[in-house]
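The values are calculated or read from the model by the stated rules, or taken from the named source; none is laboratory data. Predicted model, so just to flag it, every value in this text is computed and none were measured. We place every Cβ from the backbone using ideal geometry, glycine too, and count neighbours over all the protein chains shown.
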Amino acid sequence: MTDRDIPQNDTMNRRAPNGDEIARLLRAAGPRPGVPAERTDRVRHAVHAHWRRAARGRKLARWFAWTAAPLAAAAAWVLLVGPDLSRWNPVAPSLTAPGATLERTEGSVSWGDREPPVIGGGLRAGTILETGTDGRVAVRLRAGASVRVDIGTSLRLVSAETLLLNRGGVYVDTEGPSEAGASVTIRTPLGLVRDVGTQFQVRATAGAVLVSVREGIARFERNGSAHEAPSGIQISVQQDGSVTRQPVPSSGPEWDWVLSVAPDFELEGSLLGEYLDWVGRETGLRVEYGAPSISSDAMIVVLHGSIEGLRPDETLGAVLSTCSLSHRIRDDSLIVERVVPEAAP
Amino acid sequence: MLEVVQPDRVLVKRLLRGEERAFDDFFAGYFPRLYRFALTRLSYDHDGAEEIVQATLCKAITVLKTFRGEASLFTWLCTLCRREISGHLKRVSREQVPSEPMEDSPDIQAALESLATSLERGPEADLLRKELARLVQVTLDFLPVGYGDALEWKYALELPVKEIAERLKLSPKAAESLLMRAREAFRKEFASVIEGRLQLRTLKT
């Protein structure tokens, strides 16, 4: 609308105010109400954190596009029990670079004839590790997968993608950035277990292999045949080749040991949503928000502090309380709620 | 041929580049105005306005690349804010009718007649005066960044031009020039407000 749209002979309500009238109007109106400093600071902090992350994300996206390294996520736990694999001819290690990095150890662990590596140190192809009755280990394969080794396990790192499981239990989670096409193969006495974008567990018992899938699909291959286990299913492969299936929950005692050797999560500077995603992934629980505003907060609230050394499930109370949130578990869901109900308008 | 880049688009580019100063300018220039915009439409629920504006600004940052400058940045933010408000009200299933500011009402003409009359007579219709004051303040918020502040400092707070210039980090002469442009912008914008066309004008650059 322009001045020409306003008839010049109209009264003030149709004529744009002149300079004096503007002055009168503005004096009469008074200054606009400001926003309380506390609210301004809160919003500024949250929005700034979001903006910084968005800026980092754009830089990271450019880096990934340049290197052609797409993000991928999967996790698998393979339980393998069977005959002694020492008579097998493992794949000759051909890597000079470390095939994995040690992330965490607990209890007694032996490393064959090699010096025990330090946390953060590299593990070369050919590394053998054996865990005692109280020993557990977490390693990160070069391709990105997280591998956790249960007590009483004998395992050989064949390459950055292949493990040889003699006895005991191994959990594999191929979450996070990984090289294109990378997958993890677990060699067992009874056959191969491959991940197809999953969280799964493989355990070797006497004369049987149990493959329990928490998320995605794991494939068991033997003598030219393959058996796929989708999420929520455990397949049991017997010595005679017979295969049975049964449901397995995604959380609970079956997976509890995995939490005790979970690599630490870098809480400082992470988003609430990232932290909850990590807890959900580690515990197998589906994160649900008690209110949409909590979901919004999860994308913008930045956390501070450390949860080093704590199991993922042990961190919930402490972390959520700092955000005036609480949690409860119902079936396979982790429900996040506000401690104080939102004020009614 | 030179391309004249609008100030809003310059600010957006700087934000996308990650310039810290750009964020300061963005937040200082838009947060208070957006807050008042939301507050009015949420029946002056301050908690709700804070939540909505925070979500709006974060959403804006997420989709900042889509800002093309066809509308002003503030208009664009208000559009996002309206969606957040709408979603918020649906989620909380409020029984109360969401407040409809006068400038959004199609029946503004009758009210404007009363406003004009009360202005001519002086301060007797208190409610109408308050609404007029609010319309003035809404108009200030919809002016380009800096204009509303300059006019407010000059006329509502009666600050000298020298101090206004210092606040705007301008020379006194540049501040006078800005005040002149701000008055002109206010004049046109307020005319639109009282004619009930604020929504249509928000599409202009």
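Scanning region B:53-79 for residues being surrounded by fewer than 21 Cβ atoms within 10 Å (Cβ to Cβ) and aliphatic (A, V, I, L, M) gives a total of 3.
Of all residues in region B:129-144, exactly one satisfies the criterion of being charged (D, E, K, R) and more than 14 Å from residue A:28 (Cα to Cα), namely B:141. If you go through region A:100-121 and keep only what is under 22 Å from the mean Cα position of the chain (by Cα) and either part of a strand (DSSP E or B) or free of Cβ contacts under 8 Å to residues at least 12 places away in the same chain (or both), you end up with A:100, A:101, A:102, A:103, A:104, A:105, A:106. Considering every residue within region A:241-248, establish whether at least one is away from chain B (no Cβ under 14 Å), at negative phi, surrounded by 15 or more Cβ atoms within 10 Å (Cβ to Cβ) and more than 19 Å from the chain's Cα centre (by Cα). So far as region A:241-248 goes, yes, one or more of its residues are away from chain B (no Cβ under 14 Å), at negative phi, surrounded by 15 or more Cβ atoms within 10 Å (Cβ to Cβ) and more than 19 Å from the chain's Cα centre (by Cα).
Any residue in region B:40-60 that is in a loop (DSSP other than H, G, I, E, B), over 20 Å from residue A:292 (Cβ atoms) and not hydrophobic (A, V, I, L, M, F, W, C)? Yes, region B:40-60 contains at least one residue that is in a loop (DSSP other than H, G, I, E, B), over 20 Å from residue A:292 (Cβ atoms) and not hydrophobic (A, V, I, L, M, F, W, C). Scanning region B:5-29 for residues that are within 12 Å of another protein chain (Cβ to nearest Cβ), among the charged types (D, E, K, R) and surrounded by 15 or more Cβ atoms within 10 Å (Cβ to Cβ) yields B:14, B:19.
Does residue B:114 meet the test of being facing another protein chain (nearest Cβ under 10 Å), farther than 25 Å from residue A:290 by Cα, more than 22 Å from the chain's Cα centre (by Cα) and at pLDDT below 90? Yes: the conditions hold for residue B:114.
Considering region A:253-291 alone, what residues qualify as being more than 12 Å from the chain's Cα centre (by Cα), in contact (Cβ under 8 Å) with a residue 12 or more places away in the chain and closer than 23 Å to residue A:153 by Cα? A:254, A:255, A:257, A:258, A:259, A:260, A:261, listed by residue number. Please enumerate the residues belonging to region B:14-67 that are in contact (Cβ under 8 Å) with a residue 40 or more places away in the chain, of a type in the set (Lys, Arg) and more than 24 Å from residue A:33 (Cβ to Cβ). B:65 - this is the single residue of region B:14-67 that is in contact (Cβ under 8 Å) with a residue 40 or more places away in the chain, of a type in the set (Lys, Arg) and more than 24 Å from residue A:33 (Cβ to Cβ).
Counting only residues that are in contact with a helix residue (DSSP H, G or I) (Cβ under 7 Å, 6 or more places away or on another chain) and aromatic (Phe, Trp, Tyr), which one in region B:35-70 is nearest to the other protein chains (Cβ to nearest Cβ)? Among them, the one singled out is B:35. Of the helices (runs of 4 or more DSSP H) contained entirely in region A:265-345, those carrying at least 3 residues that are surrounded by 14 or more Cβ atoms within 10 Å (Cβ to Cβ) and of a type in the set (S, T, N, Q) fall at A:292-300. Is it the case that region B:158-170 has a residue that's out of contact with any strand residue (DSSP E or B) (no Cβ under 6 Å at 6 or more places or on another chain), at the interface with chain A (Cβ under 9 Å from one of its Cβ atoms) and surrounded by fewer than 16 Cβ atoms within 10 Å (Cβ to Cβ)? For region B:158-170, residues out of contact with any strand residue (DSSP E or B) (no Cβ under 6 Å at 6 or more places or on another chain), at the interface with chain A (Cβ under 9 Å from one of its Cβ atoms) and surrounded by fewer than 16 Cβ atoms within 10 Å (Cβ to Cβ): present. Taking the conditions (1) within 16 Å of residue A:195 (Cα to Cα); (2) polar (S, T, N, Q); (3) assigned to a strand (DSSP E or B) in turn, residue A:166 satisfies each one other than (1). Does residue A:214 count as in contact with a strand residue (DSSP E or B) (Cβ under 8 Å, 6 or more places away or on another chain), crowded, with 23+ Cβ neighbours inside 10 Å and of a type in the set (Lys, Arg)? So residue A:214 passes the test.
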